[in-house]
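**Q** Structure below; questions to follow.
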Amino acid sequence: LLPALFHNDPRAFIALMQGRCARTIGRYAEALERFERARAGHGAKSVFEAVVRLHEAQCWLELGVHDRATHAIQEALNEQMPPRYRAPALVVKARIARALRQRGDATIDEAVRIVPRGGWYELQFLVGIEAAQFAAPEAALDQLVAIVKRSQAMGFHGMALAARLRACDIAATADPARAARLARQALLSGTHVEAESLPRVER
């Protein structure tokens, strides 16, 4: 997030960051309260509010409240967001669709098209992890293992863990022995690492 997004009140930005941290460690009631505070502190509709809605949607998705998740992500996507915010919002929309057993490939195709290049590596990894869900199993596993290696080398350990967990899901039916290896690696990642943008229960 850039400072221009929270010029109305830096406390709104702080509340957003606190909410993200609370969600990551599974403190959902606190996260939702912080997100509401962030929106109230910022005022009128804006890109900042859309970003807050994006994180609210992710929170509701992890809680399994899909109607609220859908409403929040649609409100986020109704705002004209720059690609660096729209791409992760589309990832959340695709995940909601998958949770509802609906198609999300067109959504993730858009995310792949618009994700920023040239330095936005974490966003590229995020979109790549979700895009792998729509590939054939062997191609998906190759893509996810490549993300594990690249993200680890760059210090994005939470993203590496997320890629491992997704690879484990895919390998569970395609290659159970490989899934077991990936699961052991995920468990050995250490309690100080949280999977980026995935609920901690998945580990």
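**Q** Filter segment 92-127 down to the residues that are among the charged types (D, E, K, R) and part of a loop (DSSP other than H, G, I, E, B), then identify the one that is modelled with the highest pLDDT. Walk me through it before giving the result.
**A** Start the filter on segment 92-127 by keeping residues that are among the charged types (D, E, K, R), which leaves 93, 95, 98, 101, 103, 105, 109-110, 113, 117, 122.
Cutting the leftovers down to part of a loop (DSSP other than H, G, I, E, B) gives us 101, 103, 117.
Values: R101: 93, R103: 89, R117: 89.
Among those residues, the one meeting the criterion is R101.
**Q** Something else: Kindly indicate whether any position in segment 154-165 is under 16 Å from V127 (Cβ atoms) and open to solvent by 20 Å² or more (accessible area, probe 1.4 Å).
**A** Looking through segment 154-165, at least one residue is under 16 Å from V127 (Cβ atoms) and open to solvent by 20 Å² or more (accessible area, probe 1.4 Å).
**Q** Give T191, T173 a once-over and let me know the one that is β-branched (V, I, T), open to solvent by 60 Å² or more (accessible area, probe 1.4 Å) and in a helix (DSSP H, G or I).
**A** When all the criteria are applied, what remains is T173.
**Q** For segment 74-130, name all the residues that are of a type in the set (G, A, S), over 25 Å from V148 (Cβ atoms) and crowded, with 20+ Cβ neighbours inside 10 Å.
**A** Correct list: A76 only.
The values are calculated or read from the model by the stated rules, or taken from the named source; none is laboratory data. Just so it is clear, the model here is predicted, and its values are computed rather than measured. Glycine gets a Cβ as well: all are built from the backbone with ideal geometry, and neighbour counts include every protein chain shown. Surface accessibility is based on the protein's heavy atoms, side chains included, excluding ligands, DNA and RNA. Shrake-Rupley method; radii C 1.70, N 1.55, O 1.52, S 1.80 Å.
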